[in-house]
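For reference, the structure discussed in these notes is given below.
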Amino acid sequence: MPIRMLAWVVLVFAPGLWAEERTVDPTWLHRYVPELHERNSDLTTSSCHYVPIFGEGDSQPRAVQSVARLGEVSLDAHGECAPANYARQEELYFALQGSGALQYGEQTHGLRANDFTYVSPTVRHRLSNPSDKEFRVVVMTVSIPAEVSINRASEPAVANLADLREQTVEGHPTSVLYKLLIGPHKGTRDRINAAYVVADLFLMDFAPDGTNFPHHHEVAEEIYLVLDGEGQMVAGGGMDGVEGLHPAKAGDAYYFRPNCTVGFYNRKGGDSKAHILAVRVFVPLPKNPD
């Protein structure tokens with residue numbers, strides 16, 4: 001049999017042979033945070049523990065693009081993390097539980113539950129916990145492309161969710177209200193405007209039966225972390241335009257690649273509120289689309 005004919009026969013009758021040789025990066029990922037395990041990182045010490053959710057330390061780190069990592073740091077009472085200093089990465093912190101402190105250069109700032117802050121690239125920083133109870137923080141580390149010019153380090157700013165008013169966002173339903181936490185350094189709408197690659201860190205407050213309509217972002221990846229409540233997460237969709245729906249509850253985290261359909265439907269009835277902490281990060285366009 002000619003070689004060309006043999007290759008055709010193998011391709012037609014054994015397509016799985018080539019499929020097994022490579023994998024395709026997923027368009028979205030799901031993690032349930034309470035089931036995840038601690039991993040070592042550059043932050044960890046005997047009293048500072050890191051649980052990866054997406055990116056570095058996760059089983060599929062290549063799936064995320066600009067996001068280097070998103071995970072949960074927990075500090076034992078009177079514990080402290082290792083100091084860090086990143087030349088071309090920016091970090092966002094959101095305090096989930098307890099109280100602690102952020103050393104930012106030569107300054108120290110107290111942190112409490114629902115506080116959020118931004119750490120500029122090049123600034124040496126460290127989390128610590130001077131209290132008698134556990135301190136838990138979400139950490140988001142984002143890579144800054146080489147072509148992006150970095151200005152001098154921004155002054156540290158710490159704010160709390162209670163400081164922000166809820167608002168609607170144009171193009172989104174009024175059944176979800178937003179608190180805009182951290183955005184670009186050239187922007188003005190967020191409480192802290194300091195980032196280079198982060199498009200927005202925000203909190204969504206869903207009314208009963210509220211929704212964030214299914215949509216997608218062409219040049220940004222997005223992560224949703226369900227803080228409380230339950231409903232249906234939209235992740236991807238089919239050729240018929242029907243979105244993929246997945247049960248979502250507190251502790252669920254979803255990653256969405258650029259152009260992936262994303263949204264959320266809160267459950268109906270009573271006082272069934274839901275809150276989602278979300279971050280949207282710009283992804284550089286490839287220099288050669290091929």
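Every number in this text was worked out from the coordinates using simple rules, so none of it is lab data. Because the structure is a prediction, the values reported are computed rather than measured. No Cβ is skipped: glycine too gets one built from the backbone with ideal geometry, and neighbour counts run over all protein chains shown.
For residue 97 and residue 186 in the same chain, what is the full-extension length gain: residue separation times 0.36 nm, less their Cα-Cα distance, in nm? The partial results should precede the final answer.
Working: separation 89, 0.36 × 89 = 32.04 nm, distance 3.08 nm.
Full extension of this stretch gives 29.0 nm more.
Quick check on the range 46-94: take the gyration tensor over C-alpha atoms, sort the square-rooted eigenvalues as a ≥ b ≥ c, and tell me if it's rounded (a/c under 1.5), prolate or oblate. Please list the in-between numbers first.
Details: a/c = 2.52, a/b = 1.52, b/c = 1.66.
Oblate, because a/c is 1.5 or more while a/b does not exceed b/c.
Dimensions of the range 83-170 along principal axes (Cα, Å, largest first)?
41, 40, 19
Mind giving me the FRET efficiency for residue 209 and residue 35? R0 is 30 Å, r the Cβ-Cβ distance, nearest 0.05 is fine.
Values: r = 29 Å, r/R0 = 0.95.
FRET efficiency, residue 209 to residue 35: 0.55.
In a solvent-free Debye calculation with one equal scatterer on each Cα, what is log10 I(q)/I(0) for the range 175-228 at q = 0.15, 0.18 Å⁻¹, listed in the order of the q values?
The computed values of log10 I(q)/I(0) come out as -0.50, -0.71.
Give, in nm to one decimal, the length gained when the segment between residue 59 and residue 23 is fully stretched (0.36 nm per residue of separation minus the Cα-Cα distance).
Details: separation 36, 0.36 × 36 = 12.96 nm, distance 1.38 nm.
Full extension of this stretch gives 11.6 nm more.
Residues in the range 167-209 near a label at residue 273, defined as backbone nitrogen under 14 Å from the 7 Å Cα→Cβ point?
167, 176-179, 203-209
Under a point spin-label approximation (7 Å from Cα along Cα-to-Cβ), what is the residue 108-residue 82 distance to one decimal in nm?
2.2 nm
If you take the beta carbon distance between residue 166 and residue 132 as r and set R0 to 30 Å, what does 1/(1 + (r/R0)^6) give as a FRET efficiency, to the nearest 0.05?
Values: r = 33 Å, r/R0 = 1.11.
Efficiency, rounded to the nearest 0.05: 0.35.
How about the chain: what cysteines have no other cysteine beta carbon under 4.7 Å from their own?
Result for the chain is 260, no neighbouring Cys Cβ within the cutoff.
Can you give the angle from 0 to 90° between the axis of helix 3-13 and the longest principal axis of the chain, with both taken from C-alpha atoms, to the nearest 10?
Once rounded, the angle reads 60 degrees.
If we sort 152-160, 136-144 on the protection proxy, mean other Cβ atoms within 10 Å, highest first, what's the order? Present the calculation step by step, with values, prior to reporting the outcome.
Working: 152-160: 14.9, 136-144: 22.4.
Highest to lowest by the protection proxy: 136-144, 152-160.
What pairs in 179/268; 186/268; 133/186; 133/249 have C-alpha atoms more than 31 Å from each other? Walk me through the intermediate numbers first.
Values: 179/268 22 Å; 186/268 39 Å; 133/186 38 Å; 133/249 26 Å.
Where the Cα-Cα span goes over 31 Å, the pairs concerned are 186/268; 133/186.
When N is the residue count of the range 127-184, what does its C-alpha Rg come to as a fraction of 2.2 N^0.38 Å? Write down the numbers at each step before the final one.
Details: Rg = 16.6 Å, N = 58, 2.2 N^0.38 = 10.3 Å.
Dividing the Cα radius of gyration by 2.2 N^0.38 Å gives 1.62.
Within 10 Å, at most 10 other Cβ atoms, and a DSSP state outside H, G, I, E, B define an exposed site. Report the longest part of the chain free of exposed GluC sites (Glu not before Pro).
Details: sites that count: 20, 21, 106, 147, 170, 218.
Within the chain, the longest run free of exposed GluC sites (Glu not before Pro) spans 22-105.
Over all directions, how big on average is the projection of the convex hull of the alpha-carbon atoms in the chain, in square nanometres? Spell out each step's value before the answer.
Numbers: hull surface 76.9 nm².
Directional mean of the projected Cα hull area for the chain stands at 19.2 nm².
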